[in-house]
Amino acid sequence: ENAIRSIYNRLCDYEYKQMLLEKIRITHKDFYDNPMPRISPSDIHVADAWDAAYQTIYMTNALISVLESPHVSVDENRRIAYTNEATALRCMIYYNLSQLWGNIPYATQYNKNNFNEIILSSPILSPEDLCPMLDGILQGISILPEDGQRITMETVKAIRAEIALSLGNKDEARYLLQ
């Protein structure tokens, strides 16, 4: 439960940094309306948003790894539900990254000593390759923890619908959103 809460906190940090980056890109001002220079690839705001996204992914990978360990004694339904929740959050972040950044490293492994090594050795996927894969993963999610404050099956369907739209599958998106 604490690990999931930490993931949501880190996710909020990523979303804040991504929105700040977009605000600066569009208006050349920060959230306090202070003038900001044009965004460049080496800008600290770009690095901050990227790092926050991959730190959140690192946390989801860590939780999934722990939950899949045979040494962890958790009720099977809870284990599946929490694994699904972390997986859905990871898919949501990867979808977001792919739409904003294009080709991105896709890391699903966990290494407590060096996550950067995993990122650097992970395949670089285009949105066209990543999105169908994410949709397939999300289709496999059947249960989530019952907490109305977190990701729900309706959220999973909404992410799938957004993926369908990005791939040009309007009928599938319409079906998912019914």
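Throughout, read-outs are computed from the coordinates displayed, never taken from laboratory work. These numbers come from a predicted model, not from an experiment. When we count neighbours, we look across all protein chains shown, and the Cβ atoms used for this are built from the backbone with ideal geometry, even at glycine.
With θ taken as phi - 60° and the Karplus curve 6.51 cos²θ - 1.76 cosθ + 1.60 applied, the whole-hertz 3J(HN,Hα) list for segment 4-16 is 4, 4, 5, 4, 5, 4, 5, 4, 4, 4, 4, 4, 4 Hz, x standing for glycine and proline. Cβ-Cβ distance of E68 and M36, R₀ of 45 Å, FRET efficiency by 1/(1 + (r/R0)^6): the value works out to about 0.60. Whats the longest run of the chain with zero trypsin sites (Lys or Arg not before Pro) that are DSSP loop and have at most 14 other Cβ atoms within 10 Å? The longest such stretch corresponds to 39-111.
Using C-alpha pairs under 8 Å with a sequence gap of at least 6, the mean separation divided by the residue count of segment 69-178 gives a relative contact order of 27 percent. For segment 37-53, 3J(HN,Hα) computed residue by residue from phi via the Karplus equation (6.51, -1.76, 1.60; θ = phi - 60°) reads x, 4, 6, 10, x, 8, 5, 4, 5, 5, 4, 4, 5, 4, 4, 5, 4 Hz, glycine and proline entered as x.
Evaluate E = 1/(1 + (r/R0)^6) for A3 and L165, where r is the Cβ-Cβ distance and R0 equals 25 Å; express this FRET efficiency to the nearest 0.05. My answer for the efficiency is 0.20.
Modelled label positions at E172 and D129, each set 7 Å beyond Cα in the direction of Cβ, lie 1.8 nm from each other. In this label model, Q149 and L100 are separated by 2.5 nm, measuring between points 7 Å along each Cα→Cβ vector.
Reported to the nearest whole Å, the Cα centre-to-centre distance from segment 114-144 to segment 16-69 is 19. For L125, the residues whose amide H sits under 5 Å from its own are I104, Y106, ignoring neighbours fewer than 5 places away on the same chain, with H placed 1.01 Å from N. Karplus-based coupling profile of segment 142-158, in residue order and whole Hz: 10, 9, 9, x, 8, 8, x, 8, 10, 4, 10, 5, 5, 5, 4, 5, 5, with θ = phi - 60° in 6.51 cos²θ - 1.76 cosθ + 1.60 and x standing for Gly or Pro. Cross-link partners for K29 among the lysines, with Cα-Cα distance under 20 Å and sequence neighbours closer than 8 places in the same chain left out: K17.
Taking the Cα centre of segment 56-178 as origin and charging only Cβ (+1 Lys, Arg; -1 Asp, Glu), how large is the dipole, in debye to the nearest 20?
Working: 9 positive and 14 negative charges, 27 e Å.
That gives a dipole near 120 debye.
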